[in-house]
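K.L.:
Below is the structure I would like to discuss, written out as structure tokens.
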Amino acid sequence: MIVQSGTIELNSKDAAMGRIVMIGVVLVAITLFGFSLVTIGGNGSVTANAVLEMPPQDIAGFARAIDPYNWQFPQDFGAHPEFQTEWWYYTGNLFAADGERFGFQFTIFRRALSAAAAESASEWRTDQIYMAHFTVSHVSGGKFYHEERYSRGSAGLAGATADPRYHVWLEDWQILAQDDAASITTIQAASDDFAIDLTLEQVKPPALQGNNGLSPKSDEPGNASYYYSLSRLLTAGTVTVQGKAYTVEGVSWKDHEFSTSALGSTAQGWDWFGLIFDDNSEVMLGQIRQTDGGKEPAFGGLFIYPDGSTRYLSADDFTITALDTWTSPHTGAVYPSGWDIVIAADDLQLAFTVLPAIADQELHSGAIAYWEGAVDVRGDVTGVGYAELTGYVDTMQGRF
């Protein structure tokens, strides 16, 4: 197992689309560490006959996201191994009775190394690699904690299923349904300095992004993902930082995407927002930044009304204007920090400001750095959410 983690001292500041699949990191880890990726965990006895080959560089044999998808829940909460890339992404804003505030991100990624399933008598052999990112933002304490792990989808080390119940795990980090419909799930993850043990209750149906869940990332057929969100999950449980446990309540957001070669050839990175408003509505907004400084017109957003109905937002239906910048002391990258957002779509007219809950929420211990953090919303609507900013250190080409 490979673990990279960090703790950052921050100054408290009232200012902080996809998901990141760091295939370059995974391939380097496999190449350098090989068998060490599978030496911890597992269920029962296994034979140590481990061979893991480098993956092909093309996408031949993998399914593509081209036509609208026939969704079946809760089955589609599980894995879709016919696609090369998949992730289960959760973020939330949580509050303790004494005023302490926290944000969290917990994401498990799956990456297929080959379109053909591995056949071997060894329990170690697999064509699936899993990676997890886990962060806690101690907003009131001004600290950001982050860790990432890798494992292979064999010998019980990591996996994803909806049979008999929804369950996604990487060793002892896991998402687990508590009922057959997966309307109530738990998330458990612990690092040396921080941990979460949370229960999440689904109160709205899955919100299908794009065209019935087909979310284009460029105008080329196949450069898309199948993508749904659970935009409001009532959340309660425990957050632990530096050995102190806090009982918390709040709201969380789930994204689940699966695809093969989603980004267009000129994409640099993206700015993504999942915002949960106090009036019981939510919105996903995103913009894919191009290498020439422009924006990809194919990708838009989705507004979720209080009753769970949705409205697609084209790229022309909203504007995102950065208000300030923040320079990372870790990578030197310059990120936007604070945004004015205007939605102007016929009868849906909203203007609001999104501000980082704390400035430094950059994951920088891996091969790719990105900013992912808790934010506040003020204006025509109020609330909380998460923002994800990629491509400010390195291009996302070849990684998603």
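K.L.:
Taking only the alpha carbons of the range 202-311, what extent do you get along each of the three principal axes, in Å, biggest first?
P.N.:
47, 37, 23
K.L.:
Now for a separate question. Calculate I(q)/I(0) for the range 261-331 by the Debye formula, one identical point scatterer on each C-alpha and no solvent, and give its log10 at q = 0.23, 0.28, 0.29 Å⁻¹ to two decimals.
P.N.:
Values returned for q = 0.23, 0.28, 0.29 Å⁻¹ are -1.08, -1.26, -1.30.
K.L.:
Let me ask another. Work from the charge dipole of the range 299-400 (Cβ charges, +1 for Lys and Arg, -1 for Asp and Glu, about the Cα centre) and give the residue of Leu389, Phe318, Gly379 farthest towards its positive end.
P.N.:
Toward the positive end, the furthest listed residue is Leu389.
K.L.:
Which of rounded, prolate or oblate describes the range 100-244 when judged by the alpha-carbon gyration tensor and an a/c cut-off of 1.5? Could you put the intermediate results ahead of the total?
P.N.:
Values: a/c = 1.65, a/b = 1.23, b/c = 1.34.
Oblate.
K.L.:
Could I ask something else about it? Cα-based Rg of the range 211-255 per 2.2 N^0.38 Å, rounded to two decimals?
P.N.:
1.87
K.L.:
Which whole-angstrom value gives the distance between the alpha carbon centres of the range 346-381 and the range 303-328?
P.N.:
11 Å
K.L.:
Lysines within cross-link reach of Lys254: Cα-Cα under 20 Å, excluding same-chain residues under 8 positions apart?
P.N.:
List returned: Lys204, Lys217.
K.L.:
In the neighborhood of Gly379, defined by Cβ-to-Cβ distances under 14 Å, what is the net charge if each Lys or Arg adds +1 and each Asp or Glu adds -1?
P.N.:
Numbers: positive: Arg378; negative: Asp278, Asp279, Asp340, Asp376, Asp380.
That works out to -4.
K.L.:
Arranged from highest to lowest average of other beta-carbon atoms within 10 Å per residue, in what order do the peptides 186-198, 59-71 appear? Mind dumping the intermediate values first?
P.N.:
On the way: 186-198: 19.4, 59-71: 14.5.
So the order, starting with the most tightly packed, is 186-198, 59-71.
K.L.:
Under the classification rounded if a/c is under 1.5, otherwise prolate if a/b is larger than b/c and oblate if not, where does the range 239-370 fall, given a ≥ b ≥ c as square roots of the Cα gyration tensor eigenvalues? Write down the numbers at each step before the final one.
P.N.:
Numbers: a/c = 1.58, a/b = 1.10, b/c = 1.44.
Note, shape of the range 239-370 comes out oblate.
K.L.:
Relative to the compact globular guide of 2.2 N^0.38 Å, what is the alpha carbon radius of gyration of the range 240-301, as a ratio?
P.N.:
Details: Rg = 16.9 Å, N = 62, 2.2 N^0.38 = 10.6 Å.
So the range 240-301 has a normalised radius of gyration of 1.60.
K.L.:
Can I ask one more? Straight-line reach only, C-alpha to C-alpha below 20 angstrom: list the lysines that Lys143 could link to, leaving out same-chain residues fewer than 8 apart.
P.N.:
Those lysines meeting the cut-off are Lys13, Lys244.
Each reported figure results from applying straightforward, stated rules to the coordinates on display, with no laboratory input. These numbers were taken from a predicted model, which means no experiment stands behind them. Neighbour counts are summed over all protein chains in view; Cβ atoms, including those assigned to glycine, are modelled from backbone coordinates with ideal geometry.
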